[in-house]
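Let me begin by presenting the structure, written as structure tokens, before commenting on it.
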Amino acid sequence: MESHLFRFKYGLILSLLLCSPLTYSQVRLAALLKEAHDRKEDLVIRNLTIRIDSEDLSDLKLLNDLPLDSAGRKIIPFNVRFNNCKFPDNVLLENFNFEGTLMLYECTFDQTFGIWTSKVDSLVSWKSNYNEFYLEGLTCNRLIMEEGLVTNWMELYDITVHKELDLEAKATSFDLTGASFSLPNPTVTLTHDSLFRAITPTQMVDIFIEAEDVSIGENTFESESDFDLLILDFQNVHHVTIYRNSFGGTFSLKGSSNFVKIFNNQFNKIEYNDFSFPEFESSITWADISGDKIIGMFNTGNPDYWVPEADSAAYFEQMNLGGWSDDSWVPTFYFGQTDRELRYKWFYDELFADYYRMYLLFKTKGKIEDANSIYIEMKELYGRRLGIIYKDDPTLKNFLNWQLNRLLKIYTDHGTDPAKAIVISIYIILLFTCFYFLFPSEWDEFEFRRAKWKQHSLMKNLKTYSVHFFNSLILSLNSFVTLGFGRIPTTGFARYICIVEGFIGWFLLSIFTVSLINQILF
């Protein structure tokens, strides 16, 4: 009887409040949560001031009467929605299991909103204002915040999201640590040859943050497809730190920051075409993004990304898009690997520009090894492009451009390793030495005549052959460094080999000289 009377009174009060949207009345959160359980249906609360008193025994009794799940969490079996409500006290929810959606629509939290060691099917915040926002040990299928405003800090620790993560918030500081995002595996697997069929990703994590300081560390974003997206969009951010994360799919960095520090992360693919790195305040570990992990991702629904070499109709017919609209957001992924990709110069130029921007960052910071490493990868991309140019237009000039790129990779790592050039030169000199050993030169005539005259055994004439090998080595070295002989001291076929070695030596030593100067002037 008392239970029915309580529901009648509460329903009457709620009905009166719904008729007066600008009038705020006060109710207890514990009573609302108990009502959400007892009603056996979704609960929508509008235009209320909701008070919380953790020391009120009657409130504690109401909450303790809620049934528990196997983990000891209080069960709220239906959707709970707060519309335009005010929370003047701390809202600290611990050990709850919201089996439906917890929706906070245009609500105001004057102090701290926090959820600990709880489970929520979907936590949705829309245009709500918080003083402090804190989640720890939360497990949910969906975590969504749109146009959130956090006056002080926003912290998310050890949370697990299974289906959807979408954050758009303004806060003084933002900290995402120890989170795990194991979203569904993609239902469609695409190969590189179908990349230009711009797709809607099977999984997209979008985090839009406007804050003074942002820290994202020790999180796991699981994925088995390059086309799954994690987008971090920073606006008016002073300091960004991204550390010790594991990112599956494609990690997309957008916006800008005054200071950026990225280290000890595991990236599958990364793109930063729309992010502005500060020139002198960027600290990035090249080992995190090396190995062809840098890709391009472009919004093909935006006319700014049309390919200049082709008219729009032909371009979209090739891309299988069939047109675009102002509000479309359809990404095109560009890896720069396959023949089809490399033929599109505009996309190639954008990806190459991203490499070059990162190269300049490392060079500005004086990180010589990292700058050289990214330069090598950048020139490898250029070499793949040259190979396609020759394949489409097999002229001698295009062939030489392509092969020179490959030669520079082998001989000096594209001008970044002069020591490698010296080592390879030594091997070439020794190779020609072995050839000249089979063809005695004029320098060997006296020793060989002397050996024949004394008729000594092979062991006793070891000195003769040692001198012969030394003469062959000097002949090879002289030819390679093009010091000149006056007259080539050998005859027959070996004479022509000397000329060939001289040309090879002149050419390779020129490359070595440029490589050495490049490293000296770095």
Difference of contour (0.36 nm per residue) and Cα-Cα distance, Val500 to Asn141 = 122.3 nm
message = At R0 = 56 Å, how high is the FRET efficiency between Ser70 and Asp349 if r is their beta carbon distance? Nearest 0.05 is fine.
response = 0.45
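Subtracting the Cα-Cα distance from 0.36 nm times the residue separation, let me have the gained length for Leu438 to Phe399 in nm, one decimal. Display every interim value, and only then the final one.
On the way: separation 39, 0.36 × 39 = 14.04 nm, distance 3.48 nm.
Taking 0.36 nm per residue and subtracting the Cα distance, the gain is 10.6 nm.
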task = Identify the residues of the range 204-222 with backbone N under 16 Å of a label point that sits 7 angstrom from the Cα of Phe259 along the Cα-to-Cβ direction, or state none.
result = 211-216
Per-peptide average of other Cβ atoms within 10 Å, ordering 273-285, 132-144 highest first = 132-144, 273-285
request  = Place +1 on the Cβ of every Lys and Arg and -1 on the Cβ of every Asp and Glu in the range 70-144, take the dipole about the Cα centre, and give the residue among Pro88, Ile75, Thr108 whose Cα lies farthest towards its positive end.
outcome  = Ile75
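Give the calculated FRET efficiency between Asn236 and Leu521 to the nearest 0.05, with a Förster radius of 41 Å applied to their Cβ-Cβ distance. Walk me through the numbers on the way to the answer.
Numbers: r = 38 Å, r/R0 = 0.94.
Working from the Cβ atoms, E equals 0.60.
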note = Neighbour-count ranking for Tyr105, Tyr344 (other C-beta within 10 angstrom, fewest to most) reads Tyr105, Tyr344
task = May I ask you to compute the full-extension gain from Thr172 to Asp392, defined as 0.36 nm times their residue separation minus their alpha-carbon distance, rounded to one decimal in nm?
result = 73.8 nm
inquiry  = As an exercise, use a Förster radius of 30 Å and the Cβ-Cβ distance of Glu212 and Thr117 to find the FRET efficiency, rounded to the nearest 0.05.
reply    = 0.55
task = Arrange the following residues from fewest to most other Cβ atoms within 10 Å of their Cβ: Ser182, Ser215.
result = Ser182, Ser215
message = Take Ala419 and Val44, extend 7 Å from each Cα along the Cα→Cβ direction, and tell me the distance between the two endpoints in nm.
response = 7.2
task = Find out how many positive minus negative residues lie around Phe263, taking Lys and Arg as positive, Asp and Glu as negative, among other residues whose Cβ is under 10 Å from that of Phe263.
result = +1
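Could you tally the net charge around Ala371, taking each other residue with its Cβ under 10 Å from the Cβ of Ala371, Lys/Arg +1 and Asp/Glu -1?
In short, +1.
Every read-out reported here was derived from the displayed coordinates using simple, explicitly stated rules and does not represent laboratory data. Computed from a predicted model, the values in this text were never measured in an experiment. Quick reminder, even Gly has a Cβ in these numbers, built from the backbone with ideal geometry, and neighbours come from all protein chains shown.
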